[in-house]
């Protein structure tokens, strides 16, 4: 059976939900301690507040997400009925209902964490879509923690002012490519490697790289060789994933052209995918792996 979302997306979603659970638990403890110290704790009102907050996390956030990720009810049932403290346990020195809510939260958080750690591998990952994004590539997994706002200061009108060779060497280091290919006009790609992984499997990948030597904010098909022949040569590479990278914006015509070329490869029985890395995504990847020394403060 297959996951209903990609494994990468499921991991991110479950991790976020586990973190939400721990934030709820921290708030539950801190709010209770403060109110007990102030003498303002109201068992009826405050326990309802704590219970409602837990129900929102569990029933509104977690359970729908489990249904959207996993193909069976197993994980949902595991979360709903976690193993833990006996219902007849007593908690001396604290409000009993508050302590029960604390224990319930701990049990459910631990159950969700177990699902995150153990159950995703029980199922087959979703097949890769025709277009991948940098977040979908396991070899760039650190980029998932870098939001666009984190690199906004490195860009000027969506432009990352770095030369192609700097981008290439950074990608080679990230992907553990030991050979640095020199740039020349007749090459079919700028970087080729079988070290890149997607869905935990290695994928032969060819890159077309463009740095600030283009001296334009938007890359068009005409900027990819004569009549776009660089794109033609790129998909002639012995690869399954084709990455078009530029330090600025990449025009919709380039994207449409790549989409068409990839679909043509698929009709011939070849597994084929493409990824577009514009200036923002280039900055996010390099930032995630500490490859932007020029911009470090």
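The values are calculated or read from the model by the stated rules, or taken from the named source; none is laboratory data. This is a predicted model, so every value here is computed, not measured. Neighbour counts are summed over all protein chains in view; Cβ atoms, including those assigned to glycine, are modelled from backbone coordinates with ideal geometry.
What to note about this one:
- Residue check for residue 112: in a helix (DSSP H, G or I), touching a helix residue (DSSP H, G or I) at 6+ places or on another chain (Cβ under 6 Å), touching a residue at least 24 places away in the same chain (Cβ under 8 Å) and more than 30 Å from residue 136 (Cβ to Cβ): no
- Of all residues making up region 175-217, the number that are outside any loop (DSSP other than H, G, I, E, B) and surrounded by fewer than 17 Cβ atoms within 10 Å (Cβ to Cβ): 5
- Total residues in region 226-236, condition crowded, with 19+ Cβ neighbours inside 10 Å and in contact (Cβ under 8 Å) with a residue 40 or more places away in the chain: 1
- Only one of the listed residues (34, 11) is surrounded by fewer than 18 Cβ atoms within 10 Å (Cβ to Cβ) and at pLDDT 95 or above. That residue is 34.
- For region 140-155, the criterion of a residue being without any contact (Cβ under 8 Å) to a residue 60 or more places away in the chain and crowded, with 20+ Cβ neighbours inside 10 Å is satisfied by no position.
- Filter result for residue 285 (in contact with a helix residue (DSSP H, G or I) (Cβ under 8 Å, 6 or more places away or on another chain), at pLDDT 95 or above, surrounded by 15 or more Cβ atoms within 10 Å (Cβ to Cβ) and closer than 20 Å to residue 192 by Cβ): yes
- When residues in region 40-71 are screened for being in a loop (DSSP other than H, G, I, E, B) and out of contact with any helix residue (DSSP H, G or I) (no Cβ under 9 Å at 6 or more places or on another chain), 1 of them pass.
- The residues on offer are 218, 243, 247, and the sole one that is modelled with pLDDT of 95 or more and in contact with a helix residue (DSSP H, G or I) (Cβ under 6 Å, 6 or more places away or on another chain) is 247.
- Apart from one condition, residue 245 fits all of (1) without any contact (Cβ under 8 Å) to a residue 60 or more places away in the chain; (2) buried (at least 21 other Cβ atoms within 10 Å of the Cβ); the exception is (1).
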